[in-house]
1. Would you compute, from DSSP H runs of 4+ residues alone, the mean residue ellipticity of the chain at 222 nm, taking -39500 (n - 2.57) per run and dividing by the full residue count, rounded to the nearest 500?
2. For the chain, what is the accessible area per residue in Å², given a 1.4 Å probe and the full set of protein chains?
3. What is the distance in Å between the Cα centres of the range 191-207 and the range 406-460?
4. Which value, in Å² and to the nearest 10, is the accessible area of residue 344 when all protein chains are kept and the probe is 1.4 Å?
5. On a 0 to 90 degree scale, rounded to 10, what angle separates helix 414-434 from the longest Cα axis of the chain?
6. Please grab the % of Cα pairs in the range 126-256 that end up more than 25 Å from each other.
7. Could you tell me how many degrees, from 0 to 90 and to the nearest 10, lie between the Cα long axis of helix 470-485 and the main elongation axis, the longest principal axis, of the Cα atoms of the chain?
8. Here are some values of P(r) over Cα pairs in 10 Å bins from 0, in percent: (1) 4, 16, 21, 21, 18, 12, 6, 2, 0, 0; (2) 4, 21, 31, 26, 13, 4, 1, 0; (3) 4, 19, 28, 25, 15, 7, 1, 0. Which one was computed from this structure?
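The values are calculated or read from the model by the stated rules, or taken from the named source; none is laboratory data. In this text, all values refer to a predicted model and were calculated from it rather than measured experimentally. What goes into the accessible areas is simple: the full protein's heavy atoms, side chains included, and nothing from ligands, DNA or RNA. Shrake-Rupley method; radii C 1.70, N 1.55, O 1.52, S 1.80 Å.
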Amino acid sequence: MDAPDQARRLSELYDEVLSGGRVPGAPRPLVAESWQRSLAALVDPELDAPPVVVSGDELAELREQHPLHAVLPVLRQTLTTIADEASHIMIVTDARGLILWREGAAGVRRQADRIALSEGAIWSEDAIGTNGMGTALAADQPVQIHSAEHLVRRIHAWTCAAAPVHDPDTGKLIGAVDVSGPLRTVHPAMMALVTAAAGLAEGQLRVRMAAADEVLRARNMRHLIALGDAPGALLTPTGRVLAVQPLAWLPDRLDVPAGADRIDLGDGREGVIEQLDEGYLLRLPGTARSRRTSLRLELLGARQPVAVVGGREIALTLRRAEVLALLLLHPSGLTAEQLMLQLYGDEGNPTTVRAEMHRLRNLLGAGVLDTKPYRILADVSGDVTDVQTFVRRGELSRALDLYAGPLLVRSDAPALRAERDELDATLRRAVLDSGEAELLWRYGQTSVGAEDLEVFEVLARWLPADDARRAAVAARIRRLTDELTM
């Protein structure tokens with residue numbers, strides 16, 4: 001049966017079922033169950049459109065905070081080109097069915113606007129009845145909804161396929177990916193396509209989670225080490241166990257209620273919970289970790305690098321800032337020989353490094369630096385590692401808040417040149433892939449972005465026609481183009 005014939009058959013079935021008449025056959029079980037849920041939620045089959053519940057700044061904030069923001073480039077690469085060619089649109093929702101992103105063929109987007117199939121509208125089953133996104137979320141499985149399988153009559157001219165996406169950390173449902181289009185565009189591969197895209201998104205989230213785990217473990221092992229021989233564990237913010245000192249037995253995950261200072265370990269023991277900057281330290285009652293000095297490193301941009309030790313601000317020479325930057329970026333520590341190679345390459349001398357470390361330890365005071373290997377003992381944070389963390393999480397607005405410019409811009413140390421280039425390239429790529437003009441504009445105001453022709457060429461395409469900033473963007477494009485041709 002071809003698509004038009006199938007649509008006619010479904011329409012007849014729809015009319016008979018909703019009117020209470022008798023008709024041979026029945027809706028698919030998945031569709032029938034969805035209709036029952038939708039009607040129980042008092043959805044009117046003659047509804048015009050779902051409610052648009054957010055817009056503007058609120059929508060932008062929801063997008064940036066959502067975990068799927070970080071994997072949007074993968075979804076675009078997988079779905080948007082195909083959607084454009086096949087006259088479809090790609091849609092990404094949150095767990096409620098709120099549409100966060102919609103991209104694809106311009107003509108289809110215009111048609112979709114007529115039924116509020118657009119950003120900010122909520123397409124849950126209890127808002128608009130049976131539909132690809134809402135039903136995939138309600139049933140927690142990939143679905144394809146065609147024509148009159150939609151409960152609301154006005155959507156019968158559409159076909160859609162959607163698949164749910166889960167958080168690989170908690171297993172919770174976090175959203176859905178959907179491909180929708182006019183009835184004539186139905187294709188048997190749509191279901192396989194969105195299922196594969198959801199799987200790719202979850203895979204990317206899993207990779208990012210593993211990388212974040214390694215960073216959290218490296219940055220916070222000092223808290224576990226500070227317990228000495230006493231039992232303890234490092235936990236992620238969601239309670240997964242990352243590292244353990246002998247505790248006989250622990251599950252892979254512990255339930256840590258918000259604000260709790262003690263938790264049940266599940267075997268009759270009680271654990272004490274201490275919140276860290278990232279995650280938790282678990283220890284048994286009667287044990288304590290030694291109090292550590294705080295150290296904050298400000299190393300980005302053209303300003304003089306600074307260390308803040310226990311609230312005391314210390315200006316750093318370039319060489320001392322380089323040493324501290326390398327130790328910040330290598331939390332497990334470096335030997336004198338490794339530091340020498342990172343700072344000087346093959347031309348260095350370990351004796352020079354040892355002398356510099358001795359002076360640096362005296363400058364910063366006790367409890368900040370350790371030897372054998374050289375590493376930071378203090379509770380340390382830094383603008384460069386914060387930017388790395390926010391980029392990794394997809395929190396690009398927060399990354400740009402902290403990004404004052406390249407890492408130790410005057411440094412010629414081989415390892416720091418590589419770290420500097422990697423940070424700049426990673427932030428640039430993330431902003432360009434975000435699809436958000438406001439983020440790209442902010443990046444263009446940084447010392448690195450201000451000289452990037454591609455950034456302003458993309459801005460010229462992304463900014464609305466009536467945006468006052470277009471004149472400044474055009475002027476910058478002219479200047480940068482002239483400089484390239486001189």
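1. For the chain, the value works out to -13500 deg cm²/dmol.
2. Details: 22330 Å² over 486 residues.
Using a 1.4 Å probe on heavy atoms only, each residue of the chain averages 46 Å².
3. When both Cα centres are located, 28 Å separates them.
4. Near enough 60 Å² of accessible area.
5. Rounded to the nearest ten degrees, it is 20.
6. Value for the range 126-256 (Cα pairs over 25 Å): 46 percent.
7. Value to nearest ten degrees: 60.
8. Answer label, from the structure shown: (1).
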